[in-house]
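Every read-out reported here was derived from the displayed coordinates using simple, explicitly stated rules and does not represent laboratory data. Since this is a predicted model, take the numbers as computed values, not measurements. Because the Cβ atoms are built from the backbone with ideal geometry, glycine has one as well, and the counts that use them run over all protein chains shown.
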Amino acid sequence: MAIRTRMSGNEAVAHAIKQINPDVMPAFPITPSTEIPQFVASMIANGEVDTEFIPVESEHSAMSATMGASAAGVRAITATSSCGLALMWEVLYVAASSRLPIVMALVNRGLTGPLNINAEHSDSMGARDSGWIQIYAENNQEAYDNFLQAHRIAEHKDVQLPVMICQDGFITSHAVENITLWEDEPIKRFVGEYHPEHYLLNENEPMAVGPYAVSSYCMEAKKAQAQAMMNAKQVILDVAKEFEEVTGQHYGLFEGYQLEDAEYAVVAIGSVCGTIKDSIDALREKGVKVGLLKVRVFRPFPGKEMAEALKHCKAIGIMDRAESYSGNGGPLGAELTAALYQAKVTAETVNIMYGLSGRDVRVEDMEEVFGWLEKMAAGELHFDEYPYLGLRTR
């Protein structure tokens, strides 16, 4: 029987870790992800899990130790945020190119500077080309459920890539929400045991991890890694289908909310989607056909599928919680705009910067955004530059 309770997002992820019972967790504390290793350390001290916790001297060391454990043939996880992820930068690429099925809980927080500890996607979006699968949560339930599915995705023979499970710092990580926890035994059967085919401690197969690759072979390795990322799309869907059979919870690459007949749609990632849904409900009551496409999986990027879901819209607002400083908008805006162009979708589009460094987004703000889209479709509004939602101009 499912258990109804209340938990913060960090606590929910820690509970998922408890049910999975990974072999090794190296971690270094950084706000707002610190609670996750704290919870796990307490579980270890209380004898609730068998995980080997490794306290390290930095986040670079945390990822290096996680890589070593994974390469040795065990389930290895870690958690971090913001500048912690940035300090891992070098080894993020090594972990992915070494095809290590690591799972990391990433609590999204803005990168310095100016110094800020609140929600932003600049950390994970900065690592979007590192070769890690990226899955995002709107709320605490999704953070929990996504983490439970992560090992099945990472360890699949057609994937063998690390996974980031992302949630918005403080908004979900520290806020307490109603949540449904799944029973231990069905989850343990769903996650299963890890039996790697190739690993360093296999005495029957001597091997090296992360050796120098000469030019004659390196491109083939990169192509194989890229193919694994493309394979991950179907694996994510297959794992989600199995998870639904166990829990009743449905997940895909993205979620449509009132999207099927929407004339004006917003595309967004993370906790802001709850606010957007409230604004959609309010506008639908007034007869305005608005909808949401909530991105769950950003890597691999489901561009073709999203373009298909949006092709009937008159205007589309693409919301970014990370500034790419390209002078042309944010990461989601750039990638989805390209996908819409390739699919010959002719809807008016605008990339909107929002919520940087934890700036609040209200229902009224999103109603204003839908108003922009309606005017754009009617030819009454054009943006010469991508707008910042809620920006103080005085």
> Amide H neighbours of V56 under 5 Å, counting only residues 5+ apart in sequence or on other chains, H built in-plane at 1.01 Å?
Replying inline: A27
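Is there a quick way to get the dipole size of segment 254-377? I mean about its Cα centre, with the Cβ of Lys and Arg at +1 and of Asp and Glu at -1; what is the value in debye to the nearest 20?
Working: 15 positive and 19 negative charges, 65 e Å.
That gives a dipole near 320 debye.
Set the bar at 32 Å for Cα to Cα. Now go through K222/K289; K157/K294; K294/K375; K223/K304; K233/K375; K157/K311 and name every pair that lies beyond it.
Values: K222/K289 44 Å; K157/K294 28 Å; K294/K375 23 Å; K223/K304 20 Å; K233/K375 35 Å; K157/K311 34 Å.
Long pairs (Cα-Cα over 32 Å): K222/K289; K233/K375; K157/K311.
Can you figure out the FRET efficiency of R284 with E193, using R₀ = 41 Å and their beta-carbon distance, to the nearest 0.05? Each step should come with its number before you reach the end.
Numbers: r = 47 Å, r/R0 = 1.14.
It comes to 0.30.
Count the DSSP beta bridges whose two residues both fall in the chain, then state the antiparallel fraction as a percent rounded to the nearest 5.
On the way: 12 of 48 bridges.
Counting only bridges with both partners in the chain, antiparallel ones make up about 25 percent.
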>> Ignoring everything except DSSP H segments at least 4 long, calculate the 222 nm mean residue ellipticity for the chain; use -39,500 (n - 2.57) per segment, divide by total residues, nearest 500.
In response: -13000 deg cm²/dmol
> Which FRET efficiency value, to the nearest 0.05, is calculated for E48 and M207 with the Förster distance at 35 angstrom and r the Cβ-Cβ distance?
Replying inline: 0.50
> Sorted from fewest to most neighbouring beta carbons within 10 Å, what does the list Y257, Y144 look like?
Replying inline: Y257, Y144
> If you place +1 on the Cβ of every Lys and Arg, -1 on the Cβ of every Asp and Glu, and leave all else neutral, what size is the dipole of the chain about its Cα centre, to the nearest 20 Debye?
Replying inline: 560 debye
> Label T393 and E308 with points 7 Å out from Cα along Cα→Cβ: what is the distance between them in nm?
Replying inline: 4.1 nm
> Could you give the nm distance between label points at A2 and F383, where each point is 7 Å from its Cα heading toward the beta carbon?
Replying inline: 3.6 nm
> Could the peptides 356-367, 91-102 be put in order, highest first, of the mean number of other beta-carbon atoms found within 10 Å of their residues?
Replying inline: 91-102, 356-367
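Arranged from highest to lowest average of other beta-carbon atoms within 10 Å per residue, in what order do the peptides 320-332, 78-90 appear? Walk me through the numbers before you get to the answer.
Numbers: 320-332: 19.0, 78-90: 23.3.
Highest mean packing first, the order is 78-90, 320-332.
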> How big is the gap, in Å, between the Cα center of segment 337-385 and the Cα center of segment 298-333?
Replying inline: 10 Å
> How many nm separate the modelled label positions at V246 and E260, each set 7 Å beyond the Cα in the direction of the Cβ?
Replying inline: 3.0 nm
> Of I187, W89, V107, whose Cα points farthest to the positive end of the dipole of segment 3-247 (charges on the beta-carbon: +1 Lys, Arg; -1 Asp, Glu; origin at the Cα centre)?
Replying inline: W89
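Based on the mean of other Cβ atoms within 10 Å per residue, sort peptides 237-243, 168-174 so the most packed one is first.
168-174, 237-243
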> Between rounded, prolate and oblate, where does segment 100-254 land on the alpha carbon gyration tensor, with a ≥ b ≥ c its root eigenvalues, rounded for a/c under 1.5, else prolate if a/b exceeds b/c?
Replying inline: oblate
> Which ³J(HN,Hα) values in Hz, rounded to whole numbers, follow from the phi angles of segment 91-99 under the Karplus curve 6.51 cos²θ - 1.76 cosθ + 1.60, where θ = phi - 60° and Gly and Pro get x?
Replying inline: 7, 4, 5, 5, 4, 5, 6, 7, 6
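Under 8 Å for C-alpha pairs, at least 6 residues apart: give me the relative contact order for segment 254-377, rounded to a whole percent. If you can, show how the numbers build up before the last one.
On the way: 220 pairs, mean separation 37.4, N = 124.
Dividing the mean separation by the residue count of segment 254-377 yields 30 percent.
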>> Let me check against my output: what whole-number percent is the relative contact order of the chain, with C-alpha pairs under 8 Å and at least 6 apart?
In response: 16 percent
> Where the centre of each part is set by its Cα atoms, how far does segment 47-124 sit from segment 6-33, in angstrom?
Replying inline: 12 Å
> About its Cα centre, how strong a charge dipole does segment 195-301 have in debye, to the nearest 20, once Lys and Arg get +1 and Asp and Glu get -1 at the Cβ?
Replying inline: 480 debye
> Given a cut-off of under 8 Å on Cα pairs at least six residues apart, what relative contact order in percent is computed for segment 37-152?
Replying inline: 20 percent
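For the residues E348, E185, what sequence is obtained by ranking on other C-beta atoms within 10 Å, fewest first?
Numbers: E348 20, E185 9.
Taking fewest neighbouring Cβ atoms as first place, the list is E185, E348.
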>> If I stretch the segment between L115 and E368 completely, what's the gain in nm (0.36 nm per residue apart, minus their alpha carbon distance), one decimal?
In response: 88.1 nm
> For M7, what is the net charge nearby, where nearby means another residue's Cβ is under 15 Å from its Cβ and Lys, Arg count +1, Asp, Glu -1?
Replying inline: -2
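I'd like the antiparallel share, as a percent to the nearest 5, of DSSP beta bridges with both residues in segment 239-394.
Values: 4 of 21 bridges.
Close to 20 percent.
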> Which one of G330, G303, S271 has its Cα pushed farthest toward the positive end of the charge dipole of segment 254-377, where Lys and Arg give +1 and Asp and Glu give -1 at the Cβ?
Replying inline: G303
